[in-house]
Amino acid sequence: MDKQDHLKNKFSIEKKERERKKRETNFSIAEKSLLVDLVEARFSIIESKRTDAISVKHKNKEWKEIALDFNSQNINVIRTWSTLRNAWENLKKLIKKLITQENVNRVRTGGGPPVIFTNIRPEERPVYEKVRALLYPVAIGLHNKFDNDVLMSNGEYDMEGGHEVQDENSYQNEESID
């Protein structure tokens, strides 16, 4: 077998492998909602920050159980646990990206109302809101009460930092409360 025949054989094998890997259908809104519900029930294990061998084994076991539950309740398409895990990771990435956009819009020069989920279809919003509720503490970071670009609960900015807005003209320092 010469070099040219070897290359032809190699390329034909790669072509056969690409043909075998068919693209699965997109997740429907109902499937996404079901996936989020199943993940929510096992959230503490799946989203654990631990990466030792035992924790990874537990996470994989939970994903396999999610796949069993998902496929028993879903009649459209049979999904593997790795497909479900990838779908969950993609949902998380999208929500974190949207939260970042929201935060950037909130503090940009010129102000204005923050843009919330503008590029998501209205029928998908409940699913994304549910994922956001699960991820919110992780996605927004830590609160710093001494940061001077904190948005107050009434929607006004406290430019002095560490002060609460009581009315339009008076500020009261947190340390001087009697």
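Write out, first by first residue and then by second, each pair whose Cβ atoms fall under 9 Å of each other, whose residues are 6+ apart or on separate chains, and whose first residue, in the range 37-56, is surrounded by 12 or more Cβ atoms within 10 Å (Cβ to Cβ) while the second is assigned to a loop (DSSP other than H, G, I, E, B) and of a type in the set (Gly, Ala, Ser).
Hits for this filter: Ser55/Ser48.
Among Lys61, Lys93, Lys22, which is exposed (fewer than 14 other Cβ atoms within 10 Å of the Cβ) and either at pLDDT below 85 or in contact with a Lys or Arg (Cβ under 9 Å, 6 or more places away or on another chain) (or both)?
Lys22
Of these, Val127, Val138, which one is surrounded by 10 or more Cβ atoms within 10 Å (Cβ to Cβ) and modelled with pLDDT under 80?
Being surrounded by 10 or more Cβ atoms within 10 Å (Cβ to Cβ) and modelled with pLDDT under 80 holds for just one of Val127, Val138, which is Val138.
Just to be sure I understand the filter: pairs with C-beta atoms under 9 Å, separated by 6 or more residues or on different chains, first member in the range 75-93 and within 21 Å of His58 (Cβ to Cβ), second member outside any helix (DSSP H, G or I) and among the charged types (D, E, K, R). Which pairs pass?
Listed by first residue and then by second, the contacts come to Arg79/Glu24; Thr83/Glu24; Ala87/Arg79; Lys92/Glu47.
Among the residues of the range 53-90, write down those that are more than 25 Å from Tyr136 (Cα to Cα) and either of a type in the set (S, T, N, Q) or part of a loop (DSSP other than H, G, I, E, B) (or both).
Correct list: Asn71, Ser72, Gln73, Asn74, Ile75, Asn76, Val77, Ile78, Arg79, Thr80.
The values are calculated or read from the model by the stated rules, or taken from the named source; none is laboratory data. All values derive from a computational prediction rather than experimental measurement. Glycine also receives a Cβ, built like all others from the backbone with ideal geometry; neighbour counts cover every protein chain displayed.
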